[in-house]
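Here the structure comes first, spelled out in structure tokens, and everything after it is commentary.
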Amino acid sequence: MKPAAFDYYRPSTIGDAVAALASSDAAKVLAGGQSLIPSMNFRLALPDLLVDIRRVDGLDGMEAGPDGVTIGASVTQSRVMASDAVSAVVPGLRQALHFVGHLQIRNRGTVCGSLAHADPAAELPALAMASGAKLRIQGPAGERTVGAGDFFLGPFWTDLGHGEIVTGVHFPAQPFGSLTVVDEIARRSGDFAIAGLAATFDLKGKGITGARLVSFGVSGVASRMATAEEAIRGFEQGDDGSDLYAAAYEDAADAVDDIHATAEYRREALGALVVRNAASLAGRSVDTDRRGRRLKGRPGRRRSITDRFKRT
């Protein structure tokens, strides 16, 4: 199919972009377009105006420092994924982006675009919540900053108001003594997650002292797992994980049925992901060298669906 007729505008300043976006109730921001354009081709989205922000001054910046990583709205996913400086400060970004689509999609798609799109099965919104990221937003009323936990409201629904644009996002540096993991179950490499976990684990000695656990692909929005976060405190190497599994299963009570999986499968899969990653990390030492305070080994790496879902 082909999209319905629309107007196209390419501003050079953020002020012009905001004004154009506010001029129509049906206007849409175009950055990478990897979700928007297919939606338009299937007539699921019917914007009357596309505001192309790819050449807006100041939106193509990316900075990695001791306090974290700041990514502008037009920075592509491939550029973030390829940066060793970014990976050293926020290792979870490279982990998450390994799961995002394919190379061609990452070459055009943007990090901020994925956050603004708010697909419930996407990795980056869940990572933003797990790491405590903050989004910079500009609109007719000026600039504001919103924490990721308050930004995502539902399926493809965010806190963005009329005429507002996500201009950037800041991911805090991975804290000393912690590890960020992104893991998921999908039918094929590059597919959206049937069930996924983005988490920051706090490690000490041979146990896990705390965690920020976020599920994605399970319900209508990426969600903090409060029951599992409580149950995981004190988890040590050798624990059977039955209590943690039950807590994660309870957190997924709002799991959805669709053509890809049943709600029951999603709940069980999420429990398996939480327990497996907790068991993999408990008892490991933290690597504090220049590679970014990551644990030794490669927890959270891509595995086959059969291997991923084993409860042993």
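Structural descriptor for the chain: relative contact order 14 percent, calculated from alpha carbon pairs under 8 angstrom and at least 6 residues apart.
With all protein chains kept in place, the per residue accessible area of the chain amounts to 46 square angstrom at a probe of 1.4 angstrom.
With all protein chains in place and a 1.4 Å probe, the accessible surface of the chain carries 51 percent carbon and sulfur. Summary of packing: across the peptides 210-217, 173-180, 264-271, the per-residue average of other C-beta atoms within 10 Å ranks them, highest first, as 210-217, 264-271, 173-180.
From most to least packed by mean Cβ count within 10 Å, the peptides 230-239, 114-123, 244-253 give 114-123, 244-253, 230-239.
In region 110-203, the convex hull through the Cα atoms has an average projected area of 6.6 nm², a quarter of its surface area.
Can you give the Rg to Rh ratio for region 148-258, taking only C-alpha atoms and Rh from Kirkwood?
Values: Rg = 15.9 Å, Rh = 15.8 Å.
Checking Rg against Rh, the ratio lands at 1.00.
Once the chain from PHE42 to ASP254 is taken as fully extended at 0.36 nm per residue, the excess over their C-alpha distance is 73.5 nm.
Volume per residue for the chain equals 122 cubic angstrom (convex hull of Cα atoms). A helix-only calculation puts the chain at -8500 deg cm²/dmol for mean residue ellipticity at 222 nm, using -39500 (n - 2.57) for each DSSP H run of at least four residues, averaged over all residues. Along the axis of the charge dipole computed for region 1-139 (Cβ charges of +1 for Lys and Arg, -1 for Asp and Glu, origin at the Cα centre), the listed residues GLY32, ALA17, GLY101 are led at the positive end by GLY101. In degrees from 0 to 90, rounded to the nearest 10, what is the angle of the helix 263-281 Cα long axis to the longest principal axis of the chain? Computed tilt is about 60 degrees.
The values are calculated or read from the model by the stated rules, or taken from the named source; none is laboratory data. Please read these numbers as outputs of a predicted model, since none were measured by experiment. Neighbour counts are summed over all protein chains in view; Cβ atoms, including those assigned to glycine, are modelled from backbone coordinates with ideal geometry. Surface accessibility is based on the protein's heavy atoms, side chains included, excluding ligands, DNA and RNA. Shrake-Rupley method; radii C 1.70, N 1.55, O 1.52, S 1.80 Å.
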